[in-house]
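S.K.: Provided herewith is a single structure, encoded as structure tokens, for subsequent inquiry.
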Amino acid sequence: MPDVPSIVELLERLVALEKAVAERDARIAVLEAENAELRRRLGQSPRNSNVPPSAQGLDKPAPKSLRGRSGRRSGGQDGHPGRTLRQVEIPDETVVHEPVACGGCGSGLAGAPVAAVTRRQVFEIPPVAARITEHQLIARRCVCAAVTCADAPTGVDAPVQYGPRLAAIVVYLLVAQFGAQKRVAQTVSDLFGVPISQGSVAALTARAARRLEGDFLTAIRAALTAAPLVHFDETGFRVAGRLHWVHSASTGKYSLFYVHPKRGRDAIDAGGVLPAFTGIAVHDAWAPYDCYPQATHALCCAHLLRELIAAGELDPAATWAAQGIDALLALKKAADTAVAAGLDHIDPDILAAGVASFRHAALVGIKYHTGQNTPIGKKLAALARRMRERIDDYLRFAHDPHHCPFDNNPAER
């Protein structure tokens, strides 16, 4: 007769089986969380994250706008000043064209009265060529046998050199138009017939930069610090193979860029703008910006829209994300309408409804994701909490549409 397991042995086997099942379930949960995180990373795009469009390659899908149809026709709207080419009152040159003979009977028209004059103007660039000026420094011998040479004009320091206007064009093409050194050199050669190397382009730019150091940079920082609103941003940048950060502070008129090996507060302090700034600071939710409480902070809603899109894609059951998107876009539409109408505020009922909807979306998100121990659950819970805690900073554009923008796109660009 085979041995029959005792009750104790059966219980021990059951406990061991339950332990094995629990360990398996725990391992499955870990693998599911890792799989979800990997899928989230693979699903990142410019539409739902800060991934740049260039990172998607040529197979990227067609862009989709979150904006609904406005009902307006495409192109410039009524009242937009535009840049249409228009005739001038006093042209540089006037060429008169006379008819040879009458189109009716063929008679000559010399001395006939003028019936009408049709004006047609052509805007053209005259032939451009470099103008070469030679400075001859005469040396004369005095009766006392001393030889005295004339002084060269200020700035004429070498046997051959580039003039200040040409140098200004080179710096403008390289810095203001973001041209590459090789292409700037080729452009100058093609347009003006002046040979110039990439090294000369770099040297002229460095010389201009040296002239702008000191008082100029101090003036730029002072102008930005005194501005009512400044956009701030930072992005990764390789210097000699190592990661550095390009930081920017900009308004519609002034822009300050500088490279720093760090991204956080030390680098922001080095810029010399935000530490003393008391206006509206527009930026993303990068935490070091919040170390400056004397400024009024406005968070970029374009960043938030991408985060909410990602939240909806990561967890389709998280309908609060779509509610947050709808609230933001409704408020943006109302703000754009108020600005177009010259108003300093949006409709109070729309403002109240939009703020309430945004707050409700954040509260639902907090309740839905709190307690979820997966990386995605924690990430979405943190996003919802940030929306609730920073609601004033996110919706500042709706309370002050004329002075506060919806996004930080000027700094992004």
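S.K.: Go through the residues of region 86-99 one by one and say whether even a single one is touching a Gly at 6+ places or on another chain (Cβ under 7 Å), not polar (S, T, N, Q) and not in a strand (DSSP E or B).
M.R.: No: zero hits.
S.K.: Looking at the structure I just gave you, is E389 open to solvent by 70 Å² or more (accessible area, probe 1.4 Å), touching an Asp or Glu at 6+ places or on another chain (Cβ under 9 Å) and either closer than 22 Å to T251 by Cα or at pLDDT 95 or above (or both)?
M.R.: no
S.K.: What number of residues within region 158-204 are free of Cβ contacts under 8 Å to residues at least 40 places away in the same chain, in a loop (DSSP other than H, G, I, E, B) and either within 18 Å of I132 (Cα to Cα) or β-branched (V, I, T) (or both)?
M.R.: So the count comes out to 7.
S.K.: In addition: Name the pairs: first residue in region 16-41 and open to solvent by 100 Å² or more (accessible area, probe 1.4 Å), second residue in a helix (DSSP H, G or I) and of a type outside the set (S, T, N, Q), Cβ to Cβ under 9 Å, at least 6 apart or on different chains?
M.R.: Cβ pairs passing all conditions: R39/L314.
S.K.: Just wondering, is there one or more residues in region 252-269 that are under 27 Å from T218 (Cα atoms), open to solvent by less than 30 Å² (accessible area, probe 1.4 Å), without any contact (Cβ under 8 Å) to a residue 40 or more places away in the chain and part of a strand (DSSP E or B)?
M.R.: There is at least one residue in region 252-269 that is under 27 Å from T218 (Cα atoms), open to solvent by less than 30 Å² (accessible area, probe 1.4 Å), without any contact (Cβ under 8 Å) to a residue 40 or more places away in the chain and part of a strand (DSSP E or B).
S.K.: Across region 163-178, which residue is farthest from V201 (Cα to Cα) among those that are among the β-branched types (V, I, T) and surrounded by 15 or more Cβ atoms within 10 Å (Cβ to Cβ)?
M.R.: Selected residue: I169.
S.K.: Output the qualifying pairs, or none if there are none: Cβ atoms under 6 angstrom, residues six or more apart or on different chains, first residue in region 306-318 and within 10 Å of K379 (Cβ to Cβ), second residue modelled with pLDDT of 85 or more.
M.R.: E307/L383; A311/A318; A311/A321; A311/L380; L314/I376
S.K.: Can you give me the ranges of the helices (runs of 4 or more DSSP H) entirely in region 345-405 with at least 1 residues that are under 29 Å from V30 (Cβ atoms)?
M.R.: Fully inside region 345-405 and qualifying: 348-369, 375-389.
S.K.: OK, next. Give the residue that is nearest to G365 (Cα to Cα), with candidates limited to residues of region 270-310 that are open to solvent by 10 Å² or more (accessible area, probe 1.4 Å) and among the β-branched types (V, I, T).
M.R.: Out of the qualifying residues, it is I309.
S.K.: Filter region 270-309 down to residues that are in a strand (DSSP E or B), of a type in the set (A, V, I, L, M, F, W, C) and more than 18 Å from the chain's Cα centre (by Cα), then give me how many there are.
M.R.: Summing the residues that are in a strand (DSSP E or B), of a type in the set (A, V, I, L, M, F, W, C) and more than 18 Å from the chain's Cα centre (by Cα) in region 270-309 gives 0.
S.K.: Now a separate question. Just checking, how many residues over region 123-140 are of a type in the set (A, V, I, L, M) and open to solvent by 100 Å² or more (accessible area, probe 1.4 Å)?
M.R.: Within region 123-140, residues that are of a type in the set (A, V, I, L, M) and open to solvent by 100 Å² or more (accessible area, probe 1.4 Å) number 2.
S.K.: Examine region 205-217 for a residue that is open to solvent by 50 Å² or more (accessible area, probe 1.4 Å), at pLDDT below 95 and assigned to a loop (DSSP other than H, G, I, E, B), and state whether such a residue exists.
M.R.: yes
S.K.: So for region 223-238 (the condition being open to solvent by 90 Å² or more (accessible area, probe 1.4 Å), free of Cβ contacts under 8 Å to residues at least 12 places away in the same chain and within 23 Å of the chain's Cα centre (by Cα)), does at least one residue qualify?
M.R.: yes
S.K.: Got a sec? Which of V143, V160 is closer than 30 Å to S189 by Cα and open to solvent by 100 Å² or more (accessible area, probe 1.4 Å)?
M.R.: When all the criteria are applied, what remains is V160.
S.K.: Checking E412 against (1) touching a Leu at 6+ places or on another chain (Cβ under 8 Å); (2) at pLDDT below 95, which test does it fail?
M.R.: With respect to (1) touching a Leu at 6+ places or on another chain (Cβ under 8 Å); (2) at pLDDT below 95, E412 is out only on (1).
The values are calculated or read from the model by the stated rules, or taken from the named source; none is laboratory data. Please read these numbers as outputs of a predicted model, since none were measured by experiment. Using ideal geometry, Cβ is built from the backbone for each residue, glycine included, and neighbour counts are taken over all protein chains shown. Ligands, DNA and RNA are excluded from the accessible area calculation, which covers all protein heavy atoms including side chains. Shrake-Rupley method; radii C 1.70, N 1.55, O 1.52, S 1.80 Å.
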